[in-house]
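Peer 1: To start, I am sharing the structure in question, which I have written as structure tokens.
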Amino acid sequence: VLFRSELQLRDHTEGKLQPNQERLAEKVLAQAAERLDVPEQAEMSLTFVLNPEIRELNRDYRGIDRATDVISFAIEDDDDLANLPAEIRAELPVELGDLVISIDKVAEQALFLNHSADRELGYLLVHGFLHLNGYDHEEPADEEKMFTLQEEILDGLGLSR
């Protein structure tokens, strides 16, 4: 099963993104969406970039002037929808947000961590997807919950450490 929701995939990698990585991304996101029971009418985008582009995004949006591996831009704001009638809200797509992943960092970190590029890409996809769905790792209890769920999803896909 591919991603059951609307996924806009963009490739800004100048030919570095491989077709198998696109298929893996759809498969990983489908598994994560199913695990979190994300509504079928959910929408999100996934953009693969190179280090210079993600560095620029990291600098502009997070104030950190270096390349990073994944950035999540969550969109859905329930406050904006709260005043709409329930029957209208039920028909609207759920806007999860945007994930941006550096394909350069996937390769670099896989090599550094001595595991496959598939494992690294899967990890970054699940990690970013969980952020889009309200998970964070600021507090130890939240980190434990998020990272346990992350590993369960990856293990289910055969992307164990």
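Peer 1: Modelled with pLDDT under 90, under 18 Å from Val126 (Cβ atoms) and within 17 Å of the chain's Cα centre (by Cα): does that describe Arg23?
Peer 2: In short, no.
Peer 1: For the stretch 118-153, how many residues are assigned to a helix (DSSP H, G or I) and farther than 22 Å from Ser45 by Cβ?
Peer 2: Residues meeting the conditions: 12.
Peer 1: For the subset of the stretch 85-104 comprising residues that are touching a helix residue (DSSP H, G or I) at 6+ places or on another chain (Cβ under 7 Å) and in a helix (DSSP H, G or I), which member is surrounded by the most Cβ atoms within 10 Å (Cβ to Cβ)?
Peer 2: Among those residues, the one meeting the criterion is Asp104.
Peer 1: Do you know which residues across the stretch 73-84 are modelled with pLDDT under 75 and either open to solvent by 100 Å² or more (accessible area, probe 1.4 Å) or part of a strand (DSSP E or B) (or both)?
Peer 2: Hits for the stretch 73-84 are Asp78, Asp79, Asp80, Asn83.
Peer 1: So which of Arg119, Arg55 is basic (Lys, Arg) and either under 18 Å from Arg10 (Cα atoms) or surrounded by fewer than 16 Cβ atoms within 10 Å (Cβ to Cβ) (or both)?
Peer 2: Criteria check complete, one pass: Arg55.
Peer 1: So is Leu130 out of contact with any Phe, Trp or Tyr (no Cβ under 6 Å at 6 or more places or on another chain) and surrounded by 13 or more Cβ atoms within 10 Å (Cβ to Cβ) or not?
Peer 2: So Leu130 fits the description; yes.
Peer 1: Something else about it: Assigned to a helix (DSSP H, G or I), modelled with pLDDT under 95 and open to solvent by less than 60 Å² (accessible area, probe 1.4 Å): does that describe Ala33?
Peer 2: Numbers: assigned to a helix (DSSP H, G or I): yes; modelled with pLDDT under 95: yes; open to solvent by less than 60 Å² (accessible area, probe 1.4 Å): yes.
It is true that Ala33 is assigned to a helix (DSSP H, G or I), modelled with pLDDT under 95 and open to solvent by less than 60 Å² (accessible area, probe 1.4 Å).
The values are calculated or read from the model by the stated rules, or taken from the named source; none is laboratory data. Please read these numbers as outputs of a predicted model, since none were measured by experiment. A quick note on method: Cβ atoms are made from the backbone with ideal geometry, for glycine too, and the neighbour counts reach across all protein chains shown. Protein only, heavy atoms only, side chains kept; ligands, DNA and RNA dropped before computing areas. Shrake-Rupley method; radii C 1.70, N 1.55, O 1.52, S 1.80 Å.
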